1. Would you check which residues across segment 203-262 are at positive phi and either touching a Cys at 6+ places or on another chain (Cβ under 7 Å) or of a type in the set (Lys, Arg) (or both) and list them?
2. Keeping to segment 92-112, report how many residues are without any contact (Cβ under 8 Å) to a residue 24 or more places away in the chain, farther than 27 Å from SER77 by Cβ and not in a strand (DSSP E or B).
3. Can you tell me how many residues in segment 345-368 are in contact with a helix residue (DSSP H, G or I) (Cβ under 8 Å, 6 or more places away or on another chain) and either within 16 Å of the ligand (Cβ to nearest atom) or closer than 22 Å to GLU245 by Cα (or both)?
4. For segment 404-459, please list each of the helices (runs of 4 or more DSSP H) lying entirely inside it that holds at least 2 residues being touching a residue at least 60 places away in the same chain (Cβ under 8 Å) and either closer than 19 Å to SER470 by Cα or in contact with a Lys or Arg (Cβ under 7 Å, 6 or more places away or on another chain) (or both).
5. So which pairs qualify, if the first residue must be in segment 305-324 and more than 18 Å from THR343 (Cα to Cα) and in contact (Cβ under 8 Å) with a residue 40 or more places away in the chain, the second must be assigned to a strand (DSSP E or B) and within 13 Å of the ligand (Cβ to nearest atom), the Cβ gap must be under 8 Å, and the two must be at least 6 apart or on different chains?
6. Being closer than 26 Å to LYS427 by Cα and away from the ligand (no atom under 16 Å from the Cβ): is that true of ILE413 here?
7. Of all residues being in contact with a strand residue (DSSP E or B) (Cβ under 9 Å, 6 or more places away or on another chain) and acidic (Asp, Glu) in segment 297-328, which is farthest from VAL418 (Cα to Cα)? Just the residue, please.
8. Please verify whether segment 199-215 includes one or more residues that are among the charged types (D, E, K, R), touching a residue at least 60 places away in the same chain (Cβ under 8 Å) and within 19 Å of HIS146 (Cα to Cα).
Amino acid sequence: MRTGWMTKGRYGHLLWAAVLFVFVSYLGCSRFETRLSSVRPFIHYRVSVSDLDLEVLRVEGDVQGVVRKETIFRPASNDEGGTIDPIGFKAEDLDGRALEVERSDEALKIKNDGKDFSFSYTVPVVVENRYSPDVRTMLTMIDTEHCRLVARDLFLLCDTDLADGIIIDLDIPDDWVLASSAISIRKRTVVEETGDFPLTTIVCGRMQSFDSSVDAVEVSMASIGKWRFEAERLFELVRRIASYEIDMFGGSPRAKFLVIVEPNPVKGGAGFDYYGIHLGGTMFLFLDPHMDGHMLFDAPMSVVAHELFHNWNGEALSPASNSFLWFTEGATVYYSYRVLEGTGIITPEQYKARRNVIYNRFVDNRYHGKVPIREAQNNDLGDKEMVNFFYDGGYLTCERLDAMIRSESKGRIKLIDVLRYLYNNRKPGQRVDEGLLVDAIKKLSGLDVSLALQKMLDDPSAEFFSKAPSSLD
Ligand SMILES: [Zn+2]
């Protein structure tokens with residue numbers, strides 16, 4: 001269980017390493033000695049990854065320009081509600097005097113008396129099997145060739161309004177390259193919007209990195225490891241997919257996308273050959289290391305289209321509850337293949353073949369006829385068959401919805417028009433649910449899908465889906 005603050009015992013054996021690392025890295029510590037009067041509050045974080053064997057990361061930081069008597073730090077929570085445990089947290093004023101730190105279950109209160117201060121702590125980053133379903137709880141990792149850092153796994157959130165943002169400097173070997181989902185210049189990352197901070201990703205190492213602008217959106221890709229295809233080729237396809245999706249919605253909710261491509265360490269069996277994880281502006285793409293060039297024009301590319309699509313459907317249009325995940329995932333799977341077909345990355349024949357795989361896999365699934373599609377995501381998602389049932393069922397429901405809307409509006413309105421309408425009319429903080437979706441479909445096409453939807457999602461015995469795919473246009 002990794003909920004709440006991590007238990008001390010689990011990482012107790014790392015403490016010695018942490019203490020040693022504190023001592024070693026302190027020798028190289030630099031600090032701002034002067035304070036500019038015009039400075040607005042900001043945090044300057046420094047992370048050293050110079051010793052990659054220690055399985056802990058040492059984090060140091062300065063808080064500048066604060067005026068409050070107390071500053072509160074708290075760890076960000078991850079998708080599972082877990083948080084990091086900053087070991088050995090210490091705060092000092094600029095003369096090196098220790099500041100009082102009050103530690104409660106959820107926060108650290110630093111009595112800085114309205115003055116600038118510095119702080120330090122360590123975080124263990126090695127979790128045994130990072131590629132199990134646990135992967136979502138901590139994506140930060142280090143090895144001798146590269147490291148990737150997700151801010152929420154490592155940094156504390158500050159309650160002060162950081163008007164001048166957050167600067168992160170990484171101490172990395174000179175031959176390493178760095179890429180980030182935020183602005184980055186050499187070894188420095190600048191997070192201007194502190195709301196984005198927890199999901200900010202930095203990846204660095206001996207890797208290939210690509211940068212390009214697509215319809216005024218910055219698209220970067222970091223490729224780690226050796227591939228049987230040219231990484232540049234993959235980047236070309238990423239750009240094509242990004243451009244197509246930005247066009248589908250008429251704009252992007254983000255100014256930058258970062259794609260991190262790594263070999264998938266899970267081999268066969270219960271795992272997936274390739275999979276993606278979408279986290280803020282970052283897309284993690286874990287591909288089969290044996291994948292060759294022609295697979296770039298096949299199903300694995302749907303992971304790119306899928307995770308990118310989540311920037312709109314999933315993040316900008318965030319689901320109100322689990323019972324709407326069939327749409328968040330279903331529409332995303334559905335469009336991931338349509339985007340590949342639309343961009344010419346796969347042919348219409350490949351599209352149909354892929355759709356038939358989904359249909360047959362759904363019909364043959366052992367949960368078919370027993371579990372309602374809406375309920376699937378509440379079951380064991382460590383079970384590969386349940387995962388397939390959930391995604392395939394969501395796909396087929398969305399395909400059917402699309403066909404119904406097209407037929408009612410005589411081809412004038414498609415499901416993507418409904419998504420674009422929801423995206424363009426979203427209100428700050430608003431989440432999407434079935435009511436909003438049904439209303440949008442009714443407004444655009446005149447069709448009331450509420451009963452049909454209920455039947456498809458809640459009645460496992462309903463045979464709603466047609467064997468043949470709906471036509472492409
Ligand atoms: Zn997804």
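1. Residues of segment 203-262 at positive phi: 205, 215-216, 225, 250-251.
Once the filter is applied, which keeps residues that are at positive phi and either touching a Cys at 6+ places or on another chain (Cβ under 7 Å) or of a type in the set (Lys, Arg) (or both), segment 203-262 yields only GLY205.
2. Start the filter on segment 92-112 by keeping residues that are without any contact (Cβ under 8 Å) to a residue 24 or more places away in the chain, which leaves 95-104.
If we keep only those that are farther than 27 Å from SER77 by Cβ as well, we get 95-98.
Those left that are additionally not in a strand (DSSP E or B): 95-97.
Looking only at that region, the number is 3.
3. Within segment 345-368, the first condition is being in contact with a helix residue (DSSP H, G or I) (Cβ under 8 Å, 6 or more places away or on another chain), and the residues that meet it are 345-348, 350-351, 354-355, 358-359, 361-362, 365-368.
The next check asks that each one be either within 16 Å of the ligand (Cβ to nearest atom) or closer than 22 Å to GLU245 by Cα (or both); those that pass are 345-348, 350-351, 354-355, 358.
Residues flagged as in contact with a helix residue (DSSP H, G or I) (Cβ under 8 Å, 6 or more places away or on another chain) and either within 16 Å of the ligand (Cβ to nearest atom) or closer than 22 Å to GLU245 by Cα (or both) within segment 345-368 amount to 9.
4. On the way: elements: 415-424, 434-445, 450-458.
By residue number, 415-424, 450-458.
5. ASN311/HIS278; GLU315/HIS278
6. Details: closer than 26 Å to LYS427 by Cα: yes; away from the ligand (no atom under 16 Å from the Cβ): yes.
For ILE413, the condition - closer than 26 Å to LYS427 by Cα and away from the ligand (no atom under 16 Å from the Cβ) - is met.
7. Top of the filtered list is GLU307.
8. We begin by selecting, within segment 199-215, every residue among the charged types (D, E, K, R); these are 206, 211, 215.
Next, only the ones that are touching a residue at least 60 places away in the same chain (Cβ under 8 Å) stay: 206.
Pick out the ones that are also within 19 Å of HIS146 (Cα to Cα) and you get 206.
Taking every residue of segment 199-215 in turn, at least one turns out to be among the charged types (D, E, K, R), touching a residue at least 60 places away in the same chain (Cβ under 8 Å) and within 19 Å of HIS146 (Cα to Cα).
None of the figures in this text is laboratory data; all of them are computed from the coordinates on show. Everything quoted here is computed from the prediction, not taken from an experiment. Glycine gets a Cβ as well: all are built from the backbone with ideal geometry, and neighbour counts include every protein chain shown.
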